[in-house]
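Here is the structure we will look at, set down as structure tokens.
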């Protein structure tokens, strides 16, 4: 590589770097995000850590790469509008740890297996990253991550396993939990911290 | 009369299904006009599961070693393959028809009556189907949600499909009557194995705040995914709430 090439490479990267924050989410960035997510998940499920330690790790993965506050808010539905800021923050926290326990328990069944990114497609306002989970002695199955930057950062906002959306499923579940408590959000927050 | 062609029976079934399905005026995510009755069936299914199915499946799963359980389930799948093939033909799905033909021939011979899924080991993956899917291919809507006694979550189209599936395996027509028990035994052991394998999933549904609504949601989402039905109208879009 001669000097001029090197220079133009630098210039090119500098321009790319300067432009990056202004650019919208694209296939590459969506794929990169989910590569990081499945990399972390694969590491956790094959780390040999205890159940509790794994749940803590899963919660971190959800927090780092997922848009937990927005998912939490959406599962509450219209009740989110009347909730106070403090309640929403508490609910979001409780919801995050509930997700980690509930789905962490399912990911535990993946121990000894591997999730790999297959394909990324743009759908309307978001990106869909298809991954495949290969479990021992079972046919592989499809795990789709939906990624958006509408929060201002690249985050996944839904995980869809064989067509079943985490967001939809939790909307049903949280709605039912809230109904069972006659709409008492504070009680729901307290109970959610133990549920999953 | 003994040879009432399966095709004629199935066409009648299709018309009946077309006429019988409750289709909402506008597409809705969950169409459940029979919720009251469905919830009663759900309570009944839970009771049956707790009293009989779950304990029996636990015993079966504990006593019978995994390779044998898996072998029995493979036999069940193999015995059902001619029925898959029949539906592949009705759906005009040439590729899967070829696949299921090869799977049946290979597994019945090299796979020792289906005890081993030899076809899968050389890359010919399972491709189960049924009359419910055939109706879908023919343009019948899924209709209302139904929870069937013992069999669980379904919809009008699939409930109809299951009834047709039950009586339309071409293999049963050629197997001597005194060997008919094989089909029943295969179905039952496969059912118990499935219940045992999915124990933690089923437990998590029963632990949910409204297990009826949870089972309904999971079934409808997964079934539409299996059939490749478009869910675009019902996407989970948590950002939409803020953009209105």
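The values are calculated or read from the model by the stated rules, or taken from the named source; none is laboratory data. Remember, predicted model here, so these are calculated numbers, not experimental data. Cβ: placed from backbone, ideal geometry, glycine included. Neighbour counts: every protein chain shown.
Entry remark, the range A:11-44: residues being at pLDDT below 85 and part of a helix (DSSP H, G or I) number 12 in total. Only residues that are surrounded by fewer than 18 Cβ atoms within 10 Å (Cβ to Cβ), within 18 Å of the chain's Cα centre (by Cα) and without any contact (Cβ under 8 Å) to a residue 60 or more places away in the chain were counted across the range B:198-223, and they come to 3. Within the range A:122-131, the set of residues being within 13 Å of chain B (Cβ to nearest Cβ), at pLDDT below 95 and either surrounded by fewer than 18 Cβ atoms within 10 Å (Cβ to Cβ) or part of a loop (DSSP other than H, G, I, E, B) (or both) comprises A:123, A:124, A:125. Taking the range A:140-196 as the range and being at the interface with another protein chain (Cβ under 9 Å from one of its Cβ atoms), assigned to a strand (DSSP E or B) and under 25 Å from residue A:86 (Cβ atoms) as the test, only A:157 passes.
Of the helices (runs of 4 or more DSSP H) that lie entirely inside the range B:119-235, those containing 2 or more residues that are within 14 Å of another protein chain (Cβ to nearest Cβ) and within 28 Å of residue A:102 (Cα to Cα) span B:181-197, B:199-206, B:211-226.
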